[in-house]
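Read the figures in this text as sums done on the coordinates, not as results from a lab. None of the values given here were measured: they were computed from a predicted structure. As a convention, Cβ positions derive from the backbone with ideal geometry for all residues, glycine included, and neighbour counts pool all protein chains shown.
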Amino acid sequence: MLARLLRLGMFGAFLVVLPHGPGVQNSQAPPTAAISGVVVDGTTNAPIAGAVVSLTKGREQVGPQSRQLTDGKGRYAFINLPAGENYALTANKFGYFDGAYGREAASNAPGGQLSLADGQWVGNARIVLWRPAALGGTVIDERGEPIVNVYVRVIAQRRVAGATHLVAGPSTLTDDRGRYRISGLRPGRFFVSVPSVQWSVPASMTAAAIAGMSEQLAATREVPVETALDLSASTRLVLGNFPVPPPPSDGRAMAYSIAFHPAATAIGDATAIELKDGEERDSVDVRLDPVPGAHVSGKVQGPQEALVNLILRLVPAGLEELGLGSEGATTIVANDGTFVFLNVPAGAYTIDVMRGFSEFVERAGSGSAMETNRSQEFPPRPPGTIGSGWSSETLPSGPAGTSYMTRSTSAGGRFINATALTGRTTLTVSGRDVSDVAVVLRAAGTMHGRIVVEPDPRQKSAPRPQYLPIRAEPVNGDPRLGLPRVEGQTTNPDSDAFEIFGLQAGRYWLRSNLPAPWVVKSIAMNGKDMTNTPFDASSTESFTGVVVTITNGGATINGAIADSQGQPAAGAAVLLFPVEPAGWMDFGLSPTRIKTTSASNTGAFEFSARPAGDYYVIALPARDIDAWQGPDFFKRASARATRVTVGWGETKTVDLRVMEIK
Amino acid sequence: MTFTQGVGRAFLSGVLCLFPPALSARLTAQQPRDAGVAVSDTGVIAGVVLSDDAAAQPVRRALVTISGTGLPSSRTAITDDGGRFVMAQLPAGRFVIAVKKAAYIPGAYGASRPGRPGTALALAAGQRAEITLKIARAAVLAGVIRDQLGESVPGVQVSALKIPASGVISNLFSTADVVTTDDRGAYRVFGLLPGEYVVAAIPRVTGMGGIGSRSASEMDAMLGALQRRTGRGGPAIPANAAPAPLPPPSQSFSYAPTYHPGVVMFSGATRLRLAPGDERTGVDFVVAPVVTANLEGAITGAGDALSAVQLAIQVDGPRVPTSFSSSPVLTQRPGESNQFKYTNLAPGRYRIMARLARSETRVTPPRTVGISGGTFTSGGQPPASPDTLYGVAEIDVSGTDVTGVILSLEPGITLSGNVVFDSTTTKPPEDLSRIRLTISPPGGTYMSSGGGTVVGNTFNAVTPTTVRSDGTFAATGIAPGTYLLRATLPADLSQTWSLQSAILRGQDLLDAPLDIAQSGDLSGAVLTFSDRRSELSGTLQTAAGGPAPEYFVVVFTSDRSYWTPQSRRLKTVRPGTDGRFTVMDLPAGDYLIAALTDVDPDEWQSSAFLEQLVQASIKITIASGARVTQDIRVVK
């Protein structure tokens, strides 16, 4: 399931989606089915008192008593329930990740559904909750004094799209003692960083423009005046919640580089912290040492209209996958294309020119029950960003809590095609000023095509999907390649044509995440079948004549799962994946032929609206629902999986036993 | 505290008002700056930043910012390890010098105490000024949030709410310092300015409506009943169909916003007074689910239009950022019957208002949009019309169901009157229909809605009223409530005219909010606009006769009934370096003037404080639109 929310306007703006009113069941005889169970801690197995257990049916709250607190023994009971198939249970408790029936790891898997017959009592619906991990420490400067009110952020290493990526993790600010604590972490490998972006703005820029306010807006409200240092005649350095550097020494401006635990300025020299479920780590301190800063100047070469309010990012080596807030410096291009980065610490960098900045992010906590304070959230908006928008979506091919986020900026108050022109240059700074850096803008690739809707006459007719979301996904998820898509994500429902902008040099999957029962049947490019083959935008800039055929005649694979004793394996994980090894890597962000689901309380499972083809299907312990994301899992699982060949419109039934894959 | 004695006498004069240059300097800070430095700009301001305490240590990495005449934009310097800074190449002029550092109270050159306004520094051409700036540590609030089981509560938002001098608390959360508890339930808010604070925790739990709960013994009984019915344990289908339904949980709970020391009603919150540098730790409290109650009642007076009746509910205290889990839920709305029912009411004082807009008004569908920190809903409100009916009830709820609440619909109130123009020289404007009157509750109106429940005082929104060309006006369909009145003039008129008084039944609506109850229309209001602004000016002198810029001047009405926060009859001003002070727009009346070495912005408008000043004040009278000069001399 892919939920995409597009947000424009203010940074941190969010939409609240309200549940519908309580669904009240009305039937002749009073319903008498019941579900009861216990909520336990995943690490200690101890019952959890005071957890809130919510019962939903088809995503709606069930009746006026759909939420319950567990008693002192962690127990709950929902009674007087009508018979039905799609009940689901979730549990929240302060200090734990959200849990769900059938979810046996700190994942975001939806969990298993429960079906109830008339009067049936399911008395063993156990829900496991996992404690997040946490780390903390002190940020000190070269004299050992605490640095107050600066950002600290964790950067996680995660497997996404079958490759290891850096993921921008949760952040906080140090307190008045220089201490920080970041909690709500899922198990994994982390770097702790103190960001320090040298924000340059033209000296002519007004306070309103620095604050990203139009002059009209600035006339009606108070304009926050950023503290800025005069380090050159043409450019000023704006200080945000980054460490305040020492005053210039011998006329040389000083700067703090981005820093990593324990005292590194490059991620390659940083010490990683490994955290298990619920683990706490103290004394993850970061020490900062000031270094002389150099000026980096040059010119962006490109059409005049592309230079308006263009923000340049100077990104340290190793952090190229990360978005805003991870730079060594940013600046704003003058109308003639010239630019100056002030106060750049020594190091290797990439200059990145883009209107949209994508990265993988993961947030603290579990979201719903543990809202974090958005006002402190990283990254701060760079000065001079006139208008910004962001979009975020969860990742079917990444670990729980990870999402793909794109932030974009506007030029002259109007949003422009986020990735139409891009440029990238690498350079090394070693304490001396660097000038005459040339950054050449290059037009990104485009794709034109059309969608053919091919209803399957054997299926009951389904209305054509209202939206046909078509997009290009980098095969290994690389955020630098962006997520080029049909502009606005909304195609004209009366038109079959689509147009994708912003293809970078790299390999992409063409994907469409359609609402069931619709599924992509085939993709043809100039007569060549590309349904299960990525396309390469490195050499070709323009793709035309692409035909995407969609159908409501997807394949269905279902069955029943038994445990080692032959009993129904309630809540077991089920994994579906293609037989050919080429499909086990570079599968993009939302692979159509790799799917997981959880068995219901009766051990039943179903994958529907799948492309026809040859698949392996395997049942796993519930805790291993995300195990396929690890290296070489498919290879190991294929040896013990059941092979199923299913055609368009067909249903195949397979019965499985739960397997442990070591 | 220093008291004053008057010298000289009040007389009418034509002295011009001079704004301190510091004010205009701030405005120029937004202009583009000129990179060039004039040859004559050789002035220097240098100095040291020291901690404002007995030890007085140098403060390193403080940001010293100067702005002023002759500087196109502000300049900032960073203090070195000795706390020292240098600003060179300055033109002659007057400069405001500010200093800040994280976890410290922002300071200013010439400030009498931490957080107080400073004075400008006059720098001659080529002069080098050596100054000392003091900066004091801000206060800290810290504690641990636990739940009803004594376990720490991570991930909960904790807000330090500063009680404003005005006492208006409805918008407290909008300016709060907000932190989130860590995995040990600990929070720490730093950088707090001196003042009075309330600490609030807002737990958020997924979903809407109440949370049922059974005790361990009730759970044992429940599971026992299930076992008997299904025949021993585990999943089974009963042999005997259609057994009787089992009892639902007896009580419903919700996680409500909670104030230190662990109460859900704002009125029970502890007020913590913080001085500079205070580190108040151990501000621990428990966030526990609270027993919720249902509220049932009926609408009367709706005739056959029951389904058109709208309901809104509001709880006493500051507006809490939306948390649907702890909000009331309207589970039964009037329509088929005149009955309504709310569930999930945490303890508190609720105000429920019903509205029936009878006339054919176009209602724009509500549109909920996200904004930073919450949601608001626009549209959905038909403008009040003369025949809009309202019913209101205020009910205290504390864990027990309330029934029998009657919302009796009565017509909205009409406020009518006329505008007059008081001038001997200027002709009144010809087109009076360009004047608009705005009537709104003191904290504004707000609304959030979810699942069909409207929370807020949105029915108190009054459509702006346009004055008729004959100078009469009538604002119709006003719901019961408390309101402030403002007049909006087009730009060309507002330069000349300002609203001097708004008299209704002998009361000036500009001095006290208008309390509208459902007791008949209010007519005969007289709104007087004048082209003369009163002006009180003078010089504050030392006993020796020199200027006394280090003092504050307080001007306050001698009528104690106006000693209310934000009264337009209470003003304070800091004299310029030449000792001159000016106070504009005081309404006609008798006033007292005092001079003080320090004025606490949170406290000076209180009756207790003003009472202390009476004896040592000079009495003056300001006539309508008069210009009054009053020099004062400080005697130690």
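By other beta-carbon atoms within 10 Å, ranking B:Thr463, A:Thr402, B:Thr539 with the fewest at the front produces B:Thr463, B:Thr539, A:Thr402. Here's the list of aspartates and glutamates a cross-link from A:Lys652 could span, going by alpha-carbon distance under 17 Å and ignoring same-chain residues fewer than 8 apart: A:Glu606, A:Asp614. Close amide H contacts of A:Ser297 (hydrogens built in the peptide plane, cut-off under 5 Å, sequence separation of 5 or more or a different chain): A:Phe341, A:Val434, A:Ser435, A:Asp436, A:Val437.
For a Förster distance of 51 Å, can you work out the FRET efficiency between the beta-carbons of A:Ala524 and A:Ala348, rounded to the nearest 0.05? Between A:Ala524 and A:Ala348 the formula returns 0.75.
On a 28 Å Cα-Cα criterion, which of the cross-link pairs A:Lys276/A:Lys635; A:Lys57/A:Lys635; A:Lys57/A:Lys93 come out too long? Walk me through the numbers before you get to the answer.
On the way: A:Lys276/A:Lys635 26 Å; A:Lys57/A:Lys635 37 Å; A:Lys57/A:Lys93 21 Å.
Among A:Lys276/A:Lys635; A:Lys57/A:Lys635; A:Lys57/A:Lys93, the Cα-Cα distance tops 28 Å for A:Lys57/A:Lys635.
Grouping the Cα pair distances of chain B into 20 Å bins from zero gives a pair-distance distribution of 15, 39, 35, 10, 2, 0 percent in increasing distance order.
So if we plug the beta-carbon distance of A:Ala266 and A:Asp632 into 1/(1 + (r/R0)^6) with R0 = 41 Å, what FRET efficiency do we get, rounded to 0.05?
0.85
Sorting A:Trp584, A:Trp509 from the fewest to the most surrounding beta carbons within 10 angstrom yields A:Trp584, A:Trp509. Across all directions, the shadow cast by the convex hull of the range A:30-134 built on its C-alpha atoms averages 6.3 square nanometres.
Using only the C-alpha atoms of chain A, find the volume of their convex hull and express it per residue in Å³. Can you show the working numbers first?
Details: hull volume 116.7 nm³, N = 662.
Value for chain A: 176 Å³ per residue.
Farthest towards the positive end of the charge dipole of the range A:92-146, among the residues A:Trp121, A:Asn108, A:Thr138, is the Cα of A:Trp121, using unit charges on the Cβ of Lys, Arg, Asp and Glu. Taking only the C-alpha atoms of the range B:92-176, Rg followed by Dmax gives 20.2, 69 Å.
When Rg and the Kirkwood Rh are both derived from Cα coordinates, the Rg/Rh ratio for the range A:251-349 amounts to 1.09. State the answer as a single residue: which of A:Ser297, A:Pro455, A:Met525 lies farthest towards the positive end of the charge dipole of chain A, with beta carbon charges of +1 for Lys and Arg and -1 for Asp and Glu, about the Cα centre. The Cα lying farthest towards the positive end belongs to A:Pro455.
Relative contact order for the range A:278-342: 39 percent, from Cα pairs under 8 Å spaced at least 6 residues apart, divided by residue count. Taking amide H as placed 1.01 Å from N in the peptide plane, the amide H of A:Ala211 sits under 5 Å from that of A:Gly384, each at least 5 places away or on another chain.
Reducing the range A:152-194 and the range B:81-96 to their Cα centroids gives an inter-centroid distance of 41 Å. Report the rotationally averaged projected area of the range B:560-636 based on its alpha-carbon convex hull, in square nanometres. Mean projected area for the range B:560-636: 5.5 nm², to one decimal. Close amide H pairs (under 5 Å, H built 1.01 Å from N) link B:Thr300 with B:Leu407, B:Ser408, B:Leu409, residues at least 5 positions away or on another chain. Projecting the Cα positions of B:Thr582, B:Gln495, B:Ser567 onto the charge dipole of the range B:488-636 (unit charges on Cβ atoms of Lys, Arg, Asp and Glu, taken about the Cα centre) puts B:Thr582 furthest along the positive direction. Of the Cα atoms belonging to the protein assembly as shown, the radius of gyration and Dmax stand at 34.3, 105 Å. How far is it, in nm, from the label point at A:Gln301 to the one at A:Ser214 when both lie 7 Å from their Cα along the line to the Cβ? In this crude spin-label approximation the distance works out to 3.6 nm.
Residue by residue, the range A:134-149 carries 3J(HN,Hα) couplings of 8, 9, x, x, 10, 9, 10, 9, 5, 9, x, 8, x, 9, 9, 6 Hz when phi is fed to the Karplus relation 6.51 cos²θ - 1.76 cosθ + 1.60 (θ = phi - 60°); x denotes Gly or Pro. Count charges around B:Leu356 for me, please; just the other residues with Cβ under 12 Å from its Cβ, Lys/Arg as +1, Asp/Glu as -1. Net of charged neighbours comes to -1. Working note: Karplus 6.51/-1.76/1.60 with θ = phi - 60° gives the range B:270-282 the couplings 6, 9, 9, 9, 10, 9, x, x, 4, 10, 9, 9, x Hz, where Gly and Pro are set to x. Here the range A:29-78 and the range A:461-488 have alpha carbon centers that stand 38 Å from each other.
For chain B, the longest principal axis of the Cα atoms and the long axis of helix B:216-230 meet at an angle of about 30 degrees. List the longest stretch of chain B that has no exposed loop site; here a site is one of the GluC sites (Glu not before Pro) assigned by DSSP to anything other than H, G, I, E or B, with at most 13 other Cβ within 10 Å. Formally, the longest exposed-site-free interval is B:1-335. A simple charge model with +1 on the Cβ of Lys and Arg, -1 on the Cβ of Asp and Glu and nothing else charged puts the dipole of the protein assembly as shown at about 480 debye relative to its Cα centre. For the range B:137-159 and the range B:323-358, what is the centre-to-centre distance using only Cα atoms, to the nearest Å? Spelled out, the Cα-based centre of one part sits 32 Å from the other. Computed over all pairs of different Cα atoms, the Kirkwood value for the hydrodynamic radius of the range B:550-596 is 11.3 Å. Only Lys, Arg, Asp and Glu carry charge here, each on its Cβ (+1 for the first two, -1 for the last two); on that basis chain A has a dipole of about 1100 debye about its Cα centre.
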